[in-house]
1. Just read off the accessible area of Thr180 with the full protein assembly in place, 1.4 Å probe, to the nearest 10 Å².
2. Give the dimensionless ratio obtained when the Cα radius of gyration of the stretch 100-139 is divided by 2.2 N^0.38 Å.
3. Placing unit charges on C-beta atoms (Lys and Arg positive, Asp and Glu negative, everything else neutral), compute the dipole magnitude of the chain about its Cα centre in debye, rounded to 20.
4. Considering only protein heavy atoms, what is the solvent-accessible area of Val28 at a probe of 1.4 Å, reported in Å² to the nearest 10?
5. Whenever you get a sec, line up Asp153, Asp90 from highest to lowest accessible area (probe 1.4 Å, protein heavy atoms).
6. What do you get for Rg/Rh over the stretch 92-190 if you use C-alpha atoms and the Kirkwood form of Rh?
7. Starting from the Kirkwood Rh over alpha-carbon pairs, what translational D in µm² s⁻¹ does the chain have by Stokes-Einstein at 37 °C and 0.692 mPa s?
8. Can you grab the distance from the C-alpha centre of the stretch 74-106 to the C-alpha centre of the stretch 113-167, Å, no decimals?
Amino acid sequence: MRAQLLRSLLLSLTLVPGIAFGLKPDPVHSEAVKSVVEAFEAGHYREQPLDDKLSDTLFTRYLATLDPNHSYLLASDVATFEPKRFELDDELKKGELTTAYKIYSIFLDRYTGRSNYLIGKLESGIDFSFDTDEQLLISREDEPWFDTKQEQDAYWERRLKSDVLNLKLSDRTTDEAKETLIRRYTNQRNRVQQ
């Protein structure tokens with residue numbers, strides 16, 4: 001039951017993406033969050049309070065939901081959110097979603113910027129050389145967020161190269177792979193902005 005209510009609280013934070021692009025919390029969302037908080041606190045068999053400890057968990061899981069591979073946000077972004085880590089509980093009890101909206105807005109900006117960066121690389125006619133020995137850490141959830149945009153760019157360039165190589169291994173030419181990836185990244189960017 002606790003896990004289900006915790007998921008409901010987290011879900012209430014993740015509802016933000018559908019409406020956060022340039023918008024502010026709507027009163028109906030505020031009321032929905034208050035209802036979820038009340039159900040969580042009253043419905044849990046241990047009468048689990050929404051306190052700083054749970055606020056810490058929600059904060060961590062919200063960031064993990066948005067950026068599970070620590071590849072879009074920078075360490076400096078996360079550091080700006082950090083003062084709110086133990087305040088989410090108080091905000092949610094009041095039905096305030098300002099912090100969730102701010103975090104998502106920055107994530108959306110980073111996601112859109114990264115998509116545009118990858119599309120721009122592909123449209124610029126970048127040449128890919130597959131004769132060097134490189135490594136790409138695919139699963140980065142246990143890695144820290146990148147400190148610099150340069151570190152992040154280097155990671156994404158290797159990831160882009162990996163995507164092209166995977167398509168080439170599926171019998172596509174480099175140009176076909178580029179076109180496929182431009183469409184893919186454009187669709188992903190458009191979906192997240194809806």
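The values are calculated or read from the model by the stated rules, or taken from the named source; none is laboratory data. The structure presented is a predicted model; accordingly, all values stated were derived computationally and were not measured. Every residue, glycine among them, receives a Cβ derived from its backbone with ideal geometry; neighbour counts consider all protein chains shown. We work out accessible area using only protein heavy atoms, side chains counted, and drop any ligands, DNA or RNA first. Shrake-Rupley method; radii C 1.70, N 1.55, O 1.52, S 1.80 Å.
1. 20
2. 1.66
3. Using Cβ point charges on Lys, Arg, Asp and Glu, the chain gives about 540 debye.
4. 90
5. So the residues, ranked largest to smallest area, are Asp90, Asp153.
6. My calculation puts Rg/Rh at 1.07.
7. Once the numbers are plugged in, D ends up at 176 µm²/s.
8. Their Cα centres are 29 Å away from one another.
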